[in-house]
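J.: I'd like to ask some things about the structure below.
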Amino acid sequence: MTAAKADAARLRDPAAVPRLILTVGIIVVLWPGFRLTEFDLGVLFDPRNREIMGRFVGTFFPLATSAEFLRLILKATLETLAIATAGMALALLIASPLALIVTRSLSISRIGPGYGFAAGRLLRLPARFILMFLRSIPEIVWALLFVRAVGLGPAAGVLAIGVTYGGMLGKVYSEILEAGDTRPTTALLEAGGSRLTAFFYGMWPVALPELVSYTVYRWECAVRASVIMGFVGAGGLGQQMELSMRMLSGGEVSTILLTFLLLVVLADAVSAFLRKVTA
Amino acid sequence: MRLVHWLVLAALLAVTWASFAFLSLDLGSLLTGEARAQMWKYVVSFFPPDMSAEYLVRIGHGTLETIAISAIGTAVAAVLGLALALPASGRFGAVPRAVARLILNFLRSIPDLVWAALMVMAAGLGPFAGTLALAWHTAGVIGRLFAETLENAPTEPAQALRLSGSRQSLAFLYGTLPNVVPQLVAYSLYRWEINIRMAAILGVVGAGGLGQMLYFSLSLFQQKQALTVIIAMLLLVVIVDGASAWLRRRLAD
Amino acid sequence: MSIKLDQVSLVHPNGHRAVGNVSFEIDSGERVAIIGPSGAGKTTLLRLLATALRPSAGEIRILGDDPWRVGRGVLRELRCRVGMVHQAPPIPPRQRVVTAVLAGRLGRWPLWKGLASLVYPVDIEGARQMLARMEIADKLFERCDRLSGGQLQRVGVARILYQQPDLLLTDEPVSAVDPALSDRVIGELNSEAIERGVTLVASLHAVDLALHWFPRIIGIRGGEIAFDLPPARVTDAMLKDLYASEAAVPTQTNAPLAMQPTGIRRKPMCS
């Protein structure tokens, strides 16, 4: 009797209950998700929506290729590139000093620990916090805020990229600097060198290629970001696309999309070239 | 530094200067006394953030909506991505493979936010548009990764099952899928993490979640509410970052 | 007639001739051991019998059919009746033993049953019985990557026992099993063949096992048959001659088929 019971118990799949719980758990978690997102594929086939979308998509071809429109697109593309580049310049201005402050291996007071150790930490902490704050708010939110502060147009885009990417660059720069060999720097500091001396003679030569490579890579991202930010009015291709969408002119939208894809490929090529030349 | 480096540096400086000139940016004008005073007024108008219980409840709802958009969007994308990855990994011949890859590339190259703007037109304002937008873009990204995984999976188990007379579909389920499931799950979770951040901002084009709340409150000049939304976004990002770092450390052990 | 090979050759795409001009017949219910040095073509020969490889020349008949002349449906039915134990068991590492064993009958199951078994194993008792014959019934719900090499090979044998084919093919089924258990496994394969009156063809590296259990021994070397005799007439000299040119390096590795999740490359992302 008991042996038979044990036999029966052994022959029940022990994974069945955990699997059931997992499945039910996933459904229980996802079900309210479907409710919250108002998930309803029927909406797509709602005759009104379908008519608007159908008319819109129907106009995707042929592409809009009037000389006037192409000139407009060329200007918007250049604007996008200029926003990315100017934004990166601003980001560098923000990131470099903060990275120097944050980098621990550049701290003079840590040797010992000597005079000003606590003060040094007190300075590093807010710098770290500023970097985190700058990069944790998405660039498009910064763009929204700046559009309201300085008005529609590329200035808001430049500021948004400068601020967000400043935060990112600052953090990554200090990581790169700390990951390198710190012995030359420490030696210079111990020999009485200043922070900047130690940086330029101890770290700069070693870390430069990686710093450049990351900056160039980030520029590539900035090009994409500046297109996206146009949607909230920060200039460039995105703003143009938003206008075309609002006017339901599909041909213009598809032309802009194609331009965007070409721009991404181009930015990729440029950044690969720059990284090769500077490596 | 070699000559090339100097040349590159000079070119970069020239391009940067040209950029500022082209945009006719005068960042200096932002630093004049009047502009500074105005800017200060703008910044001050955000404080204090609206922490009334009523608004916090709405923020909580917006946060949940954001997480739901990302979760459902990623789940739909995983299903869609797998459906496209099967032909894209060359299981049904060369033509379906090429077609599936073309579709995947198309889905992937259009950024989430553009998808969101398109979906707002197709499905109206609200979280459903955001969910669809994430689903399309992520399906493209994830489908390519899935296809690579399927191509790299060992073929012997499924082949052995075919040799003992199993039909192809069952051979795939019993022989190939168990090998690739962990990788597929890892990719999906990783994309979900990215999509939470994305879902928080898709709303600025009207696709639901915290982004839409931010857009509305800024449009209505309710800066105090806007700051609350921004704080919620910040917390969400920081928590997701921390959780994912913690989880990866745990899984690495 | 269970198997008939007539002047069968197999040349690999790289030009290597693995099997050359081999002819033999095996009757229903016969039990045959194939022995020979590494690289002699044992695996290739078995893969020809398992309809995994198509001969470059010659004619082959398995269970009365020419597998390369019949239609897809007939071939699939034929393959259901042929079971092969591979040296490195082709079982996904994360699969559970019970699922791996039940997969033996996928060819005979309708689609719904195969799908249902993924949700809940449809024949736990059947799988357990086959595993008990291999003395690993306690591993029923274990994951395959938690087993030792020898245990995994025995799971592979259990799968074929569960499949109940009319032609049992085993390629070095005990290469990773310790000697005492090897005897047990080969014994079980033999008694299965005798009880159900089906054909068993096994390639074996361990000559003593072959001579002890099988009434017919085929020695092959360089892709050709060296001798085809009952064990009593296989002399030491023949064996010495057969293994004289054995290469030091085995041709097959027992490499696991595991696919580790390659950590996701965290290359800097824009978002």
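J.: State the answer as a single residue: which of A:M229, A:S271, A:S213 lies farthest towards the positive end of the charge dipole of region A:67-278, with beta carbon charges of +1 for Lys and Arg and -1 for Asp and Glu, about the Cα centre.
T.: Result: A:S213, furthest along the dipole toward the positive end.
J.: Kindly write out, for region B:157-169 in residue order, the coupling ³J(HN,Hα) from the Karplus curve 6.51 cos²θ - 1.76 cosθ + 1.60 (θ = phi - 60°), rounded to whole Hz, with x marking Gly and Pro.
T.: Values per residue, Gly and Pro as x: x, 5, 5, 4, 5, 4, 5, 9, x, 5, 6, 4, 5 Hz.
J.: Which entries of A:K75/A:K276; C:K4/C:K240; A:K171/B:K224; A:K75/A:K171; A:K171/A:K276; A:K171/B:K41 have Cα-Cα distances beyond 32 Å here?
T.: Check vs 32 Å cut-off fails for A:K75/A:K171.
J.: Shifting gears a bit: From the Cα trace of chain A, what convex hull volume per residue do you get, rounded to a whole Å³?
T.: Dividing the Cα hull volume of chain A by its residues yields 277 Å³.
J.: Set the Förster radius R0 to 56 Å, insert the Cβ-Cβ distance between A:S194 and B:S45 as r into 1/(1 + (r/R0)^6), and round the FRET efficiency to 0.05.
T.: 0.85
J.: Please report, to two decimal places, log10 I(q)/I(0) for chain B at q = 0.08, 0.16 Å⁻¹ as given by the Debye formula with identical point scatterers on the Cα atoms and no solvent.
T.: Treating every Cα as an identical point scatterer, log10 I(q)/I(0) equals -0.51, -1.13.
J.: Same structure again: Mind checking the mean number of beta-carbon atoms from other chains within 10 Å of the Cβ atoms in C:113-121?
T.: 4
J.: Give me the inter-chain shielding for A:131-144: mean count of other chain Cβ atoms within 10 Å, whole number please.
T.: Counting Cβ atoms of other protein chains within 10 Å of each residue's Cβ and averaging gives 5.
J.: If you take the charge dipole of chain A about its Cα centre, with +1 on Lys and Arg Cβ and -1 on Asp and Glu Cβ, which of A:L145, A:P126, A:M203 is farthest toward its positive end?
T.: Of the options given, the answer is A:P126.
J.: Also, I was wondering about something else. At q = 0.17 Å⁻¹, what log₁₀ I(q)/I(0) does region A:1-103 have when each alpha carbon counts as one equal point scatterer in the Debye sum?
T.: -0.95
J.: Among B:S166, B:S89, rank each residue by its count of other Cβ atoms within 10 Å, from fewest to most, as a rough exposure measure.
T.: By the 10 Å Cβ count, ascending: B:S89, B:S166.
J.: Given +1 on the Cβ of Lys and Arg, -1 on the Cβ of Asp and Glu, and no further charges, what dipole in debye does chain A carry about its Cα centre, rounded to the nearest 20?
T.: Roughly 660 debye for chain A.
J.: List, largest first, the extents of the alpha carbons of region C:2-96 along their principal axes, each in whole Å.
T.: Between the extreme Cα coordinates on each principal axis of region C:2-96 lie 42, 32, 29 Å.
J.: Given the C-alpha centroids of region A:177-237 and region B:72-98, what is the distance between them in whole angstrom?
T.: Here the answer is 40 Å between Cα centres.
J.: Sticking with this structure for a sec: For region C:19-31, what does the Karplus curve 6.51 cos²θ - 1.76 cosθ + 1.60, with θ = phi - 60°, yield as ³J(HN,Hα) per residue in whole Hz, taken in order and with x for Gly and Pro?
T.: 9, x, 6, 9, 10, 6, 10, 10, 7, 4, x, 6, 10
J.: Between B:T32 and B:V181, what's the calculated FRET efficiency when r is the beta-carbon distance and R0 is 60 Å? Round to 0.05.
T.: Between B:T32 and B:V181 the formula returns 0.45.
J.: So for the protein assembly as shown, what percent of the C-alpha to C-alpha distances run longer than 45 Å?
T.: 45 percent
J.: Hey, another quick one. In whole angstrom, how long is each semi-axis of the equivalent ellipsoid of region B:110-253, when you take the square root of 5 times every eigenvalue of its Cα gyration tensor and sort them from largest down?
T.: 40, 20, 9
J.: From a point 7 Å beyond the Cα of A:V24 in the direction of its Cβ, which residues of region C:118-134 have a backbone N at a distance under 16 Å?
T.: No residue passes the distance filter.
J.: Taking the Cα atoms of region A:11-58, report the difference between the largest and smallest coordinate on each principal axis, in whole Å and largest first.
T.: 61, 21, 13
J.: Can I ask one more? Of the residues B:G62, B:G208, B:G93, which exhibits the maximal mean-square fluctuation in a Gaussian network model of chain B defined by a 10 Å Cα contact cut-off?
T.: Fluctuation is largest for B:G93.
J.: Under a crude label model (7 Å from the Cα following the beta-carbon direction), how far is A:L258 from A:F60 in nanometres?
T.: It is 1.3 nm.
J.: Something else now. Determine which lysines satisfy two conditions relative to C:K113: a Cα distance under 30 Å, and not lying fewer than 8 residues away in the same chain.
T.: Correct list for C:K113: A:K5, C:K139.
J.: At 25 °C and a viscosity of 0.890 mPa s, what translational diffusion coefficient does Stokes-Einstein give for chain C, taking Rh as the Kirkwood radius over Cα pairs? Give it in µm²/s as a whole number.
T.: In µm²/s, the coefficient rounds to 125.
J.: Just to be sure I understand: if I project the alpha-carbon convex hull of region B:197-253 onto a plane and average over all orientations, what area do I get in nm²?
T.: Averaging across all directions leaves 3.8 nm² for the Cα convex hull.
J.: Considering just Cα atoms, how many Å³ per residue does the convex hull of region A:164-279 enclose?
T.: Per-residue hull volume (Cα only) is 99 Å³.
J.: Sticking with this one: Need one number: nm distance between label points at A:S96 and C:D66, each 7 Å from Cα along Cα→Cβ, rounded to one decimal.
T.: Distance between label points: 8.1 nm.
J.: A further question on this structure: Return the distance in nm (one decimal) between the two label points of a simple spin-label model at C:A237 and B:F106, each offset 7 Å from Cα along Cα→Cβ.
T.: Spacing of the two 7 Å Cα→Cβ label points: 7.7 nm.
J.: Now, a different point. Given a Förster radius of 56 Å and the C-beta distance between B:V4 and C:S191 as r, what FRET efficiency does 1/(1 + (r/R0)^6) yield to the nearest 0.05?
T.: After rounding to 0.05, the efficiency reads 0.10.
Laboratory data are not the source of any read-out in this text; all were calculated from the coordinates shown. Computed from a prediction, not measured in an experiment: that's the story for all the values here. Quick reminder, even Gly has a Cβ in these numbers, built from the backbone with ideal geometry, and neighbours come from all protein chains shown.
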